[in-house]
1. Does segment 1-19 contain any residue that is modelled with pLDDT under 85 and either under 19 Å from Pro92 (Cα atoms) or not in a helix (DSSP H, G or I) (or both)?
2. Find all pairs meeting these conditions: Cβ atoms under 7 angstrom apart; at least six residues apart or on different chains; first residue within segment 69-95 and over 21 Å from Leu54 (Cα atoms); second residue at pLDDT 90 or above.
3. So Val42 clears everything in (1) at pLDDT 80 or above; (2) assigned to a loop (DSSP other than H, G, I, E, B) except one condition, right? Which one?
4. In segment 20-55, what residues are under 11 Å from the mean Cα position of the chain (by Cα) and either of a type in the set (Val, Ile, Thr) or over 13 Å from Phe80 (Cα atoms) (or both)?
Amino acid sequence: MSVLALILFLPWFIIVGGAYWFLPKESPRSAARNRIDVIALVIAVALSAVGMWLGMQTDTTGYHPIWAQVLATLYAYGAFLGVLAIAAWLRPRPGPRSQ
């Protein structure tokens, strides 16, 4: 069942991943940056799947069964955003613009 929640969240992951890939526009695209961005996105999706699995394994007895899906989605989204935030922070910054 955890795969279903990941599939339902994929459109939002694509939107956030696209924003990570294309922004900032001022930063030059190089082969090294493309490689690092691909690695960051693959790690983000992999850790999201792990987070989704861990969320589904959490004991939610005594609560409605939907809470396992909600918790799994929160873990997956947190892992995805966490990896991309760290990768964006570690990305080289563009130099000052000369006018």
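1. Step one: of segment 1-19, the residues modelled with pLDDT under 85 are 1-10.
Still in the running and either under 19 Å from Pro92 (Cα atoms) or not in a helix (DSSP H, G or I) (or both): 1.
The answer is yes; a qualifying residue exists.
2. Once the first residue is over 21 Å from Leu54 (Cα atoms) and sits in segment 69-95, its partners that are at pLDDT 90 or above give Ala87/Ala40.
3. Evaluating Val42 over (1) at pLDDT 80 or above; (2) assigned to a loop (DSSP other than H, G, I, E, B) leaves (2) as the failure.
4. Within segment 20-55, Val42, Ile43, Val45 qualify.
The values are calculated or read from the model by the stated rules, or taken from the named source; none is laboratory data. All values reported here derive from a predicted model rather than from experimental measurement. Every residue, glycine among them, receives a Cβ derived from its backbone with ideal geometry; neighbour counts consider all protein chains shown.
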